[in-house]
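Participant: Quick one: this structure, given as structure tokens, is what I'll be asking you about.
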Amino acid sequence: MWWFYRKGPSGFAGASTAEEVTAGTDGRGLVAVITGASSGIGRETARVLALRGVRVVMAVRDVSAGIRAKEAIQAEIPGGAEVDVLQLDLSSMASVRRFADDFGSLNLPLNILINNAGVMTRDCTRSCDGLELHFATNHIGHFLLTNLLLENMKSASRNSGIQGRIVNVSSAGHIMTYPEGICFDKLHDPSGFSSFIAYGQSKLANILHSNELSRILKEEGVNISANTVHPGVIATSLFKNRTIVNALMNTVGGIISRSVEQGAATTCYVAMHPQVQGITGGYFGNCNIAKPSSQGVDGELAKELWKFSLQIVSS
């Protein structure tokens, strides 16, 4: 496990925690939206950003769980923390649109968007919008959310002079996808999909989304970065619907996995650290620049996915 403690060029390692990588950063005056913030690395990300002074909007499917997490965060931070809880079901485009409206009613600027939430299901079912559920939740929901909040982020960046940051949480599991990367012609009929491969496909989509968004924002001269992170293997509720995986994590998780505090580190590093200022279109692991698969840097595939996703959210 020596490699887990070996520091990279950033000065941090896989063993670094979210608090350690944000030590000394001042987030006062900033606003962040974090999806999936009621548990796991999303909750730890929310806690640490709030600890650094960021006003955090927790986007959660279960509002009661979100409120409990909010109360725990506020109780832990001296002087309290500014935390809001709004309902969001990423598998439903209607819910994503309602969330965007609800956030708009808060009249807040948006500086940081962390697309953290994700699902890993036992079977490949369809979302309420008729899409394969992993793809609908892990990619399309975040794609639409980002598009709906982007004008706010652009305005906030112009008015404050502070670079906006969009962070997509992917996974090293993006390598476990189909030979063509994304099976566009089968996303409305997932009956022949493997749930493991469907999950990997959705995580590849997260990377391609960041890459194409980064390219578009640079072309427009917008001061907003879009990066992707791999948080590492963490024993969270993500695996609760995968009996075999969950059993494996319970057996050897202490050896191969990291804590939630360590798992949230790369997300917090990319969202907050000055070292990441100006970096966009990157893929990060262990709080350092890393390399995704060859499909993860396929510019033509990223453009095709962007076009397909626009058609989905516009239909």
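Participant: Working only within the range 46-94, note down all residues that are in contact with a Gly (Cβ under 9 Å, 6 or more places away or on another chain) and within 19 Å of Asn138 (Cβ to Cβ).
Facilitator: Listed by number, the residues that qualify are Met58, Ala59, Val60, Arg61, Gln87, Leu88, Asp89, Leu90, Ser91, Ser92, Met93.
Participant: Collect the residues in the range 25-84 that are under 18 Å from Leu113 (Cα atoms) and hydroxyl-bearing (Ser, Thr, Tyr), keeping them in residue-number order.
Facilitator: Of everything in the range 25-84, those that are under 18 Å from Leu113 (Cα atoms) and hydroxyl-bearing (Ser, Thr, Tyr) turn out to be Thr25, Thr35, Ser38, Ser39, Thr45.
Participant: I'd like the full set of residues that are among the hydroxyl-bearing types (Ser, Thr, Tyr), crowded, with 16+ Cβ neighbours inside 10 Å and closer than 20 Å to Arg97 by Cβ, limited to the range 145-163.
Facilitator: Step one: of the range 145-163, the residues among the hydroxyl-bearing types (Ser, Thr, Tyr) are 146, 155, 157, 160.
Then keep just the ones that are crowded, with 16+ Cβ neighbours inside 10 Å; that gives 146, 157.
Within the range 145-163, Thr146 is the sole residue that qualifies.
Participant: Could you say whether any residue in the range 212-223 is open to solvent by less than 30 Å² (accessible area, probe 1.4 Å) and at pLDDT below 55? Quick ask: steps written out before the conclusion?
Facilitator: Of the residues in the range 212-223, the ones open to solvent by less than 30 Å² (accessible area, probe 1.4 Å) are 212-214, 217.
Keeping just the survivors that are at pLDDT below 55 gives none.
No, the range 212-223 contains no residue that is open to solvent by less than 30 Å² (accessible area, probe 1.4 Å) and at pLDDT below 55.
Participant: Also: Please enumerate the residues belonging to the range 1-54 that are of a type in the set (D, E, K, R) and free of Cβ contacts under 8 Å to residues at least 24 places away in the same chain.
Facilitator: The first filter runs over the range 1-54 and keeps only residues of a type in the set (D, E, K, R), leaving 6-7, 19-20, 26, 28, 43-44, 47, 52.
Residues satisfying the conditions are Arg6, Lys7.
Participant: Can you tell me which residues in the range 74-90 are farther than 16 Å from Arg61 by Cβ and not polar (S, T, N, Q)? Outline the logic, then answer.
Facilitator: Filtering the range 74-90 down to residues farther than 16 Å from Arg61 by Cβ leaves 74-83.
Answer for the range 74-90, where residues must be farther than 16 Å from Arg61 by Cβ and not polar (S, T, N, Q): Ala75, Glu76, Ile77, Pro78, Gly79, Gly80, Ala81, Glu82, Val83.
Participant: Another question about this same structure. Find the residue count for the range 164-182, including only residues that are of a type outside the set (Gly, Ala, Ser) and surrounded by 17 or more Cβ atoms within 10 Å (Cβ to Cβ). Give the steps one after another, and end with the answer.
Facilitator: Step one: list which residues in the range 164-182 are of a type outside the set (Gly, Ala, Ser), which gives 165-169, 174-180, 182.
Filter once more, keeping what is surrounded by 17 or more Cβ atoms within 10 Å (Cβ to Cβ): 165-169, 174, 176-177, 182.
Qualifying residue count, the range 164-182: 9.
Participant: Applying the selection to the range 280-309, what residues are of a type in the set (A, V, I, L, M) and either open to solvent by 70 Å² or more (accessible area, probe 1.4 Å) or under 17 Å from the mean Cα position of the chain (by Cα) (or both)? Give the derivation first.
Facilitator: Here is the first cut: in the range 280-309, the residues of a type in the set (A, V, I, L, M) are 289-290, 297, 301-302, 305.
Listed by number, the residues that qualify are Ile289, Ala290, Val297.
The values are calculated or read from the model by the stated rules, or taken from the named source; none is laboratory data. Values in this document were obtained by computation on a predicted structure and should not be read as measured data. Here Cβ is always computed from backbone atoms with ideal geometry, including for glycine, and neighbour counts include all displayed protein chains. Side chains are part of the model used for accessible areas, which takes the heavy atoms of the whole protein and leaves out ligands, DNA and RNA. Shrake-Rupley method; radii C 1.70, N 1.55, O 1.52, S 1.80 Å.
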